[in-house]
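Heads up: the structure comes next, in structure tokens.
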Amino acid sequence: MSSDIAIRTRGLTKVFRSRFGRREVRAVDGISLDVPRGTTFGLLGPNGAGKTTFVKLLLSAVHPSSGSAAIFGRDSRNRNARRPVGYLPENHRFPTYLNGAGMLDFYAALSGMPARDRAGRVAELLDLVDLGRWAGVRLRKYSKGMLQRLGLAQALMHRPALLILDEPTDGVDPVGRALIREILADLERRGVTIFLNSHLLGEVELFCRQVAIIHHGRLALTGSVKDLTTGKGYCVTAMKVPPAIHDRLRGESTHDTVSSFRFNTREEVNQAIDALRSAGAEIESVAPSTSTLEEVFLRTVQAGSRE
Amino acid sequence: MNSVTAALIRDTFREALARRVFWGLFALSTLMILFILFLLRIDIVEGAVSTVGIFGTSLSRRIWNPERLVNHAHAAVAAFLYTFGMLLALFASATLVPSMLEPGRIELLLSKPLSRPQLILGRYVGNLLVIAANITWLFAGVWVILGWKTHVWHTGFLYAILTTIAAYAVLLAVIVLVAVVWESAALATMIPVALVIMSPILAQRDTMEKLLSSDLSRLIWNVFYYVLPKIYEIGWITRRFTFGQPIQDWMPLWSSAAFGAATLMAGIWIFARRDF
């Protein structure tokens, strides 16, 4: 586990073929990606883009057609590569005959955690996800949100160095989401690599340092959230702008009395501020213009669809 | 056995308990034991059985030699338990392997640091132990009660435990293969039951040799006979055990074991290569 790269894929490809090989679907198409150790990484993509297949390839639930995947430098097909991994699948179906404590104990045993460490850890994690009182209750009585929190606890049982979460807040209420975010933030501070597969862009933007966008099975875009959402140029907002100067500077009215202006260079910004001030307008803010992750995502996906 | 395999076996037991598979079989086995304990009356006078009765009614006024009576009782019980117990076990447990392969459950199991053969073998052994525990309880319970009532303790009857478990182990291998290929609990029940039903028909080889007109059809019949498990003939081996008679032909047992081993290996091989 000495590698500084938590996940590395090279030309990872998965082609699903129908039983008689007549039809084929390229679910993942030559993805090469590096996820550095200790980062929070978001995997984005529209439905059917190949995100879940990519995650399953990492965990060897699906075998690659070509290419390779490594976890902390170990070939992902080697079962020991999965030892430092905690995983919460999308649409999980935990055995409902188990209770909360039994479920955590079972999956921790499969992760190779010794029995003497499990009992204390079970109680600790049930408390962490606020399910301490539900330890002895069978899972069939749990709500979707409770199962999701329990699933997260299951992924954390053996203190993994890499956490792969597929839609972790699906079905969780706002209070539960805040709790999950808090737990993940704490794990990030402790240096755990978090790989988040989610369609909730706001959540990914809020939490992840780096993202990758997959479209039609291919890697369409990757980079840090900060770089991707920082636009080129600046945005100036001002109040009480006379109509003539508003039109001259090609302003956009966001409110009756508030106008916003976009400029490409610092020089243009300074000239505009001078013009606005001399016309009696009040400067509200000057900031580098940004895009939301949703805008970046939509631009990327739409560009990919046009190709 | 390592702790991961132990966890998989424990989990299979818990699922069997929760699905009432274990308790259902246990209750039926216990009913059978209680039936023999309370409703079967055997009076022994001066070393001979003078009365055999059921529900308070005498079945026979003949004076029986207790050993002979016990032999016949063992054989009848073994034949009954071997066939109906086997079918019951198949119906009850055929869902235990397919349930592990359900989407949303298998992905999480595969994400753990264990090999796929270990995963499927853990389930196989767990399932086998669930049924073995019930079969042992049933046969051993009947043996103790008949022994207590007649003071005859033939150990040959206990071999029926081994042959019944062995025959079930072969059919369980078929369940594993069917479940891995089709993920269908219905098929995983139907195919082993079909093998049980076909077994006495295929065993009529001598008759069929005379009835079948062409060499090709005789060859096909023989291929099916030799390849498929010989559940019916293992039943006869069980019967000979209970009578304390020597076994002249072990072929049905070893060829069925070979079929089971090959089927299980095929199931493991396919499971290791499948995408989930």
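Of these, B:S50, B:S29, which one is modelled with pLDDT under 65 and of a type in the set (S, T, Y)? Of B:S50, B:S29, the one residue that is modelled with pLDDT under 65 and of a type in the set (S, T, Y) is B:S50. Say whether the condition of being aromatic (F, W, Y) and under 20 Å from the mean Cα position of the chain (by Cα) is met by at least one residue in the range A:74-92. Yes; the residues of the range A:74-92 include at least one that is aromatic (F, W, Y) and under 20 Å from the mean Cα position of the chain (by Cα).
Here B:Y168 meets the list (1) within 14 Å of another protein chain (Cβ to nearest Cβ); (2) of a type outside the set (D, E); (3) in contact (Cβ under 8 Å) with a residue 40 or more places away in the chain; (4) surrounded by 24 or more Cβ atoms within 10 Å (Cβ to Cβ) almost entirely, failing just condition (1). For the range A:86-133, the set of residues classified as touching a strand residue (DSSP E or B) at 6+ places or on another chain (Cβ under 8 Å) and more than 13 Å from A:M157 (Cβ to Cβ) consists of A:P89, A:E90, A:T96, A:Y97, A:L98, A:N99, listed by residue number.
In the range B:1-17, the residues that are closer than 15 Å to A:R118 by Cβ reach residues that are assigned to a helix (DSSP H, G or I) and among the aromatic types (F, W, Y) with C-beta atoms within less than 8 angstrom, at least six apart or across chains, in these pairs: B:A7/A:F106; B:R10/A:F106; B:D11/A:F106. Of the strands (runs of 3 or more DSSP E) entirely within the range A:16-135, those holding at least 2 residues that are away from chain B (no Cβ under 13 Å) and in contact with a Ser or Thr (Cβ under 9 Å, 6 or more places away or on another chain) occupy A:24-36, A:40-44, A:66-71. The residue of the range B:119-136 that is farthest from the other protein chains (Cβ to nearest Cβ), among those that are small (G, A, S) and surrounded by 18 or more Cβ atoms within 10 Å (Cβ to Cβ), is B:A132. Within the range A:22-37, being touching a helix residue (DSSP H, G or I) at 6+ places or on another chain (Cβ under 9 Å) and surrounded by fewer than 16 Cβ atoms within 10 Å (Cβ to Cβ) holds for no residue. Being modelled with pLDDT of 90 or more and among the hydroxyl-bearing types (S, T, Y) is the filter; apply it to the range B:138-164 and report the residue that is nearest to B:M32 (Cα to Cα). The extreme case among them is B:T164.
Within the range B:34-47, restricting attention to residues that are within 19 Å of B:N71 (Cβ to Cβ), of a type in the set (A, V, I, L, M, F, W, C) and at pLDDT 70 or above, the residue that is surrounded by the fewest Cβ atoms within 10 Å (Cβ to Cβ) is B:L40.
Being free of Cβ contacts under 8 Å to residues at least 24 places away in the same chain and loosely packed, with under 12 Cβ neighbours inside 10 Å is the filter here; which residues of the range A:254-277 pass it? Once the filter is applied, which keeps residues that are free of Cβ contacts under 8 Å to residues at least 24 places away in the same chain and loosely packed, with under 12 Cβ neighbours inside 10 Å, the range A:254-277 yields A:T254, A:H255, A:D256, A:E267, A:D274.
Looking only at residues that are more than 29 Å from the chain's Cα centre (by Cα) and surrounded by fewer than 17 Cβ atoms within 10 Å (Cβ to Cβ) in the range B:89-118, which one is nearest to the other protein chains (Cβ to nearest Cβ)?
Residues of the range B:89-118 that are more than 29 Å from the chain's Cα centre (by Cα), as a first pass: B:103-104, B:107-108, B:110-114.
The next check asks that each one be surrounded by fewer than 17 Cβ atoms within 10 Å (Cβ to Cβ); those that pass are B:103-104.
On the way: B:P103: 7, B:G104: 3 Å.
So the residue we want is B:G104.
Kindly evaluate A:V122 against the criterion of being over 19 Å from A:E90 (Cα atoms) and among the β-branched types (V, I, T). For A:V122, the condition - over 19 Å from A:E90 (Cα atoms) and among the β-branched types (V, I, T) - is met. Comparison of A:T40, A:T9 shows that the only residue that is under 16 Å from the mean Cα position of the chain (by Cα) and either surrounded by fewer than 22 Cβ atoms within 10 Å (Cβ to Cβ) or in contact (Cβ under 8 Å) with a residue 40 or more places away in the chain (or both) is A:T40. When the criteria are applied in full, B:W153 fails the requirement of being part of a helix (DSSP H, G or I) and not β-branched (V, I, T).
The values are calculated or read from the model by the stated rules, or taken from the named source; none is laboratory data. What you see is a predicted model; the values in this text were computed from it and never measured. FYI the Cβ positions are ideal-geometry reconstructions off the backbone, even for glycines, and counts take in every protein chain you see.
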